[in-house]
Structures are given as C-alpha cells and as structure tokens.
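I have placed the structure first, in the form of structure tokens, so that the comments after it can refer back to it.
The values are calculated or read from the model by the stated rules, or taken from the named source; none is laboratory data. As the structure is a prediction and not an experimental result, all values here were calculated from the model. All Cβ positions, glycine included, derive from the backbone under ideal geometry; neighbour counts span all protein chains shown. SASA here: full protein model, heavy atoms, side chains in, ligands and nucleic acids out. Shrake-Rupley method; radii C 1.70, N 1.55, O 1.52, S 1.80 Å.
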Amino acid sequence: MHSIADSIHRIQEQLRGTSARLVVVTKTHPVERLQVAYAAGARIFGENRVQEMTAKQPELPADVEWHLIGHLQTNKVKYIAPFVHTIQSIDSLKLLLEVERQAAKYNREIAGLLQFHIADEETKTGLTLPEAEEILRSEEFRNLRHVRLSGVMGIATFTTDEDQLRREFRMLRGYFDKLKALYFAHEESFREVSMGMSSDYPLALGEGSTLIRVGSAIFGAR
Ligand SMILES: *Cc1c(COP(=O)(O)O)cnc(C)c1O
C-alpha cells in the first residue's frame, strides 16, 4: 500500500514530458486526506457531488482548482458558481445557460467541458456528436460570456478490454479534433481532453488525454 503522497508523485512522474495534468478525484474522502494530497502537490481536485464539493472547498487553500466531474442538475449550479473552476459534465444547452447566468452573478468565468457518451453502457450519460454540434451552432451558445468551453470529457466502459478502451479514447479524441477544427480553431483555451481513470489512464495518455481523473490509485478503494 503506497501513501497518498507517493502515489501522487509517481503519477506526476508518469506525466512528466506530456502536457497532461492530474485531477485528483477526492469524492467520498474526508478533508484531511485532501489536505495530504494538497501538501503532496495536488492542485486540481475532482468531486462528483455538489454538496460534498461545497462542504470541502472552504477547508482547502484558495489555489485549488475544483472540477465537478459528476452529473449536474441545473438547480444546483448556484451552489458551486462562486468558486468552481471547471464543470466537466456539461451535457445540455440548458445547463450551459444556467452556468452562464450564475457565473455572471459573481462576475466570474467558469470553464466547461462537453461530456460525451463514449461507453458501451446505457447508464453512462453524455452527448452524441450531433447533439454537441447543435449546441455549438446555436445563437444562445454564441452569446455566452461567462462560460468558456475548454474541451471534452468522457467516461470509458468499465472493462479490462484494452482494445475497447483504446477505441473509446480514440473516439473522444476524434470528437475533440473535429470540434476544435470546426468551432474553436482560433481559441487556444479549447484544448482539454479529459479521459482516463485509475485503471486505464496510461492507455488514455497514449491516446492524447490532457486531464486524467484519478481517485482509487491514490487513495485506495472507496
Ligand atoms: C470516480 C470518478 C473517477 C475516478 O475513478 P477511479 O477509478 O477511482 O480513479 C474519474 N472520473 C469520474 C467521472 C468519476 O466519477
């Protein structure tokens, strides 16, 4: 069993020489363990529940980047709008418009990633490419001033089949490349491909991930 700090250092070592960054997924873990991760150099924390994130945020230093990685209901955006850095789970225009409204209230800019459905499982949520393009072509999208779409996110199938995982990561990378070329060619800030978790992040890095989301490989099983 490695310590939290050892695990973080080992992963950071694997990221050296790539442009990818580590999102430390802290859901279900108490604040004390987040503080240990912070002391070990972690600065991007991912939580999947609004209530848990808002409870932990005041207990950590202000330079933590908080990423919401779980499904977000529009009526809960207001609770995280004062501090959240990136919402990785944007899956509708309605949600984008609410993030815009709440971010404007605080005169902030919030980053968003379009979440795509890449898994071979019905239960996982996310957009299809046509749905994403419908959002990007809409007038409402063009009028957003406080949300900045900075890339894409996906959750692969829960499987050990490496060919399948590679295929799914490649599909997400392909969506990113296409959207980048068609809608964000001149926007440097559209650059993130969030994919890869504890069990598959080396594969995801091989397919061009820029944000790996790692929990259990750092903190142990939840
Ligand atoms: C929990 C979670 C992770 C981290 O999973 P681990 O297998 O513990 O690394 C990554 N992404 C999302 C969206 C999650 O909900």
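Values as computed for the structure displayed
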| quantity | calculated |
| --- | --- |
| Residue in the stretch 55-62 that is touching a strand residue (DSSP E or B) at 6+ places or on another chain (Cβ under 7 Å) and closer than 28 Å to residue 164 by Cβ present | no |
| Residue in the stretch 92-105 that is within 27 Å of residue 135 (Cα to Cα) and among the polar types (S, T, N, Q) present | yes |
| Flag for residue 152 being β-branched (Val, Ile, Thr) and in contact with a Gly (Cβ under 9 Å, 6 or more places away or on another chain) | no |
| Residue within the stretch 64-77 that is farther than 28 Å from residue 142 by Cα, in contact (Cβ under 8 Å) with a residue 12 or more places away in the chain and not acidic (Asp, Glu) present | yes |
| Any chance residue 213 is touching a residue at least 24 places away in the same chain (Cβ under 8 Å), among the basic types (Lys, Arg) and within 16 Å of the ligand (Cβ to nearest atom) | yes |
| Every residue from the stretch 78-94 that is open to solvent by less than 40 Å² (accessible area, probe 1.4 Å) and closer than 29 Å to residue 33 by Cα | 80, 81, 83, 84, 86, 87, 88, 89, 90 |
| Enumeration of residues in the stretch 29-62 that are over 19 Å from the mean Cα position of the chain (by Cα) and closer than 22 Å to residue 98 by Cβ | 55 |
| Residue 65 vs. criteria within 16 Å of the chain's Cα centre (by Cα) and charged (D, E, K, R) | yes |
| Some residue of the stretch 182-191 being within 9 Å of the ligand (Cβ to nearest atom) and among the aliphatic types (A, V, I, L, M) | no |
| Which listed residue, of 166, 145, is touching a Gly at 6+ places or on another chain (Cβ under 9 Å) and more than 16 Å from the ligand (Cβ to nearest atom) | 166 |
| Filter pass, residue 97 being closer than 16 Å to residue 74 by Cα, aliphatic (A, V, I, L, M) and open to solvent by 60 Å² or more (accessible area, probe 1.4 Å) | yes |
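Results for (1) more than 15 Å from the chain's Cα centre (by Cα); (2) of a type in the set (Asp, Glu), shown as yes or no for each residue.
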position: 85; (1), (2): no, no
position: 97; (1), (2): yes, no
position: 103; (1), (2): yes, no
position: 122; (1), (2): yes, yes
position: 126; (1), (2): no, no
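A quick yes/no check of all residues on (1) modelled with pLDDT under 95; (2) within 13 Å of the ligand (Cβ to nearest atom); (3) not basic (Lys, Arg):
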| residue | (1), (2), (3) |
| --- | --- |
| 31 | no, no, yes |
| 39 | no, no, yes |
| 42 | no, no, yes |
| 47 | no, yes, yes |
| 52 | no, yes, yes |
| 56 | no, no, no |
| 71 | no, yes, yes |
| 85 | no, no, yes |
| 98 | no, no, yes |
